[in-house]
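Participant: To start, I am sharing the structure in question, which I have written as structure tokens.
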Amino acid sequence: MRHKCIADEECPVACTLQMVGEWWSILILRDCLRGLTRFDQFQKNLAISPNMLTRRLQTLVDAGLLERRQYCEHPPRHEYILTERGRDFRIVIAAMYDWGSRNLPIEGQADSPRPSSLPGEDAERYLQGKNEEI
């Protein structure tokens with residue numbers, strides 16, 4: 001089902017959520033942006049069931065955000081590579097990271113937002129794997 005916004009115009013936010021709004025899909029894209037490409041890497045990092053991971057990866061491939069490439073014939077193994085469309089999602093993940101850093105409390109310290117440098121700086125370090133914090 002496609003969601004519409006004001007005056008029946010297509011809403012880019014609703015359309016984006018339609019494509020990647022499921023929790024696991026966004027975390028898979030985050031992990032891809034941080035360099036993970038293989039099924040076992042996603043499964044270990046996310047503690048996601050194999051069936052759910054298979055479905056989410058296929059959804060992202062079908063949406064054109066990931067490309068599935070075989071890297072081993074026997075047994076058949078595939079890796080999942082970000083497409084240009086998938087790489088464009090980096091700004092969304094960075095914005096979510098920045099928002100969470102500024103607005104969510106530090107564990108154990110009620111109502112205290114995390115300190116943050118300039119918007120985007122911490123997110124970029126995080127996406128490059130230079131900050132292990134989630």
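Participant: Just a yes or no: is a residue in the stretch 83-91 small (G, A, S) and in contact (Cβ under 8 Å) with a residue 40 or more places away in the chain?
Facilitator: yes
Participant: Here's something else I'd like to know. Give the residues of the stretch 42-59 that are free of Cβ contacts under 8 Å to residues at least 12 places away in the same chain and either buried (at least 16 other Cβ atoms within 10 Å of the Cβ) or among the aliphatic types (A, V, I, L, M) (or both), sorted by residue number.
Facilitator: Within the stretch 42-59, A47 is the sole residue that qualifies.
Participant: Is it true that some residue in the stretch 19-26 is of a type outside the set (S, T, Y) and surrounded by fewer than 15 Cβ atoms within 10 Å (Cβ to Cβ)?
Facilitator: We begin by selecting, within the stretch 19-26, every residue of a type outside the set (S, T, Y); these are 19-24, 26.
Checking the rest, the ones that are also surrounded by fewer than 15 Cβ atoms within 10 Å (Cβ to Cβ) come to 21, 23.
Within the stretch 19-26, one or more residues are of a type outside the set (S, T, Y) and surrounded by fewer than 15 Cβ atoms within 10 Å (Cβ to Cβ).
Participant: Now for a separate question. Kindly list the number of the only condition in (1) closer than 21 Å to C15 by Cβ; (2) assigned to a helix (DSSP H, G or I) that fails for G64.
Facilitator: The single condition G64 does not satisfy is (2).
Participant: Considering only the stretch 72-82, state which residues are more than 11 Å from the chain's Cα centre (by Cα) and either within 12 Å of L29 (Cα to Cα) or in contact (Cβ under 8 Å) with a residue 24 or more places away in the chain (or both).
Facilitator: Those that are more than 11 Å from the chain's Cα centre (by Cα) and either within 12 Å of L29 (Cα to Cα) or in contact (Cβ under 8 Å) with a residue 24 or more places away in the chain (or both): R77, H78, E79, Y80, I81.
Readers should treat all values here as calculations from the given coordinates under stated rules, not as data from a laboratory. Predicted model only: the values in this text are computed from it and were never measured. We place every Cβ from the backbone using ideal geometry, glycine too, and count neighbours over all the protein chains shown.
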